[in-house]
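Q: Below are the structure tokens for one structure; questions will follow.
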Amino acid sequence: MAGGLSYRQLGTTGLKVSTLGFGASPLGSVFWPVKEDDAIATVHEAIRLGINFFDVSPYYGATLAEQVLGKALKSIPREKYYLSTKCGRYAEGFDFSAKRVSQSVDESLERLNVEYIDLIQCHDIEFGSLDQVISETIPALLKLKEMGKVRFIGITGLPLKVFHYVLDRVEPGTIDVVLSYCHLSLNDTTLLESIPYLKGKKVGIINASPLSMGLLTDHGPPEWHPAPEQLKVGWTTCADAAKHCRERGVSISKLALEYSLKNPDISTTLIGMSSVEQVRENVAVAREINIEQQPDHELYQEVEHLLQPVKNLTWSSGRQEN
Ligand code: NAD
């Protein structure tokens, strides 16, 4: 394998994060059941191979992902990794109130067995009131920051316009990071349009779900995947693109991960992993990346052509008014 993993600055936080980040939602058995021992071995392999950014949420597997990640990280020196978790979204619903998010951070600290969280993110803000996030949630998180429980603050969501709404209304420097998902992958590149704006606001950019939450894999998406059927099955869909790649002897997941990792404006690309093999496979892809080489080779163009009919097709998420 060529070289090691690369690291990039996460906005102005000073955190130097591995370009390949560990998405821990699969540890909550959200894609399929994952045994605890396997989950722990997966996290340890990721650390061993140089991944230093772990993203989780109390929502994933109704706190299971946080519990398992906490167990895995217990034996790892705290300076070896950055930890990102979220607040406001739970198995029982959304609650962005100051009281709930403050309590939530305390619960996460306990489940994760740590004394501080590097990045706390308001989880899927389009499901809440954006004005509440601005006037109540963020100020509550700033208090936790003063107390040393969290180091940096972020927001996550599917519709890109919610980032613009919030960032245009908070003091510069209040929000350090945004996490966008399913908008910088082979089938959807809409995040590219917002990158100049986000860079202007000096926020770090995390891109999650480079495999479009399982759409760009050989096994396909889980049952709960919110994408319209047109994107999941049929003639001109991700499934066809995956088949086309298989016939060329390449996994579409490799191509998709490569695509996201190549973008130098993305500090870290979060991919969900739940086995040692997946970690090794994805780290190998990240190690081979040469960002000078544009993703314009023949297979990429063929896949882009196959995905053209569903290009940038997304789904509605959250409250209508957002
Ligand atoms: P993803 O696109 O990373 O896909 C994950 C799926 O791909 C899993 O089924 C996994 O087993 C599989 N996979 C991983 N490596 C593979 C490989 N080499 N070959 C084939 N299949 C492979 O989607 P995701 O897990 O939803 O997103 C990644 C992470 O980003 C999440 O775990 C979470 O931490 C974060 N995320 C956050 C939000 C949010 O905050 N709103 C939304 C989505 C994702």
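The values are calculated or read from the model by the stated rules, or taken from the named source; none is laboratory data. Every value quoted in this text rests on a predicted model; they were computed, and no experiment measured them. Positions of Cβ are backbone-derived with ideal geometry, glycine not excepted, and every protein chain shown enters the neighbour counts.
Q: Can you spot a residue in region 62-75 that is in contact with a helix residue (DSSP H, G or I) (Cβ under 8 Å, 6 or more places away or on another chain), within 21 Å of Leu198 (Cβ to Cβ) and modelled with pLDDT of 95 or more?
A: no
Q: Just to be sure I understand, how many residues within region 151-177 are within 16 Å of the ligand (Cβ to nearest atom), in contact with a strand residue (DSSP E or B) (Cβ under 7 Å, 6 or more places away or on another chain) and either farther than 17 Å from Ile206 by Cβ or not acidic (Asp, Glu) (or both)?
A: The total comes to 11.
Q: Anything in region 23-73 that is among the charged types (D, E, K, R) and either part of a loop (DSSP other than H, G, I, E, B) or within 12 Å of the ligand (Cβ to nearest atom) (or both)? List them, or say none. Give the steps one after another, and end with the answer.
A: In the first step, residues of region 23-73 are kept if they are among the charged types (D, E, K, R); the result is 35-38, 45, 48, 55, 66, 71.
Once the filter is applied, which keeps residues that are among the charged types (D, E, K, R) and either part of a loop (DSSP other than H, G, I, E, B) or within 12 Å of the ligand (Cβ to nearest atom) (or both), region 23-73 yields Lys35, Asp38, Asp55, Glu66.
Q: Filter region 200-222 for residues that are touching a residue at least 40 places away in the same chain (Cβ under 8 Å) and surrounded by fewer than 18 Cβ atoms within 10 Å (Cβ to Cβ); which is nearest to Thr174 (Cα to Cα)?
A: Lys202
Q: Determine, yes or no, whether Asp188 is within 21 Å of Lys16 (Cα to Cα), within 16 Å of the ligand (Cβ to nearest atom), touching a residue at least 60 places away in the same chain (Cβ under 8 Å) and under 18 Å from the mean Cα position of the chain (by Cα). Let's see the steps before the verdict.
A: On the way: within 21 Å of Lys16 (Cα to Cα): no; within 16 Å of the ligand (Cβ to nearest atom): yes; touching a residue at least 60 places away in the same chain (Cβ under 8 Å): yes; under 18 Å from the mean Cα position of the chain (by Cα): yes.
No.
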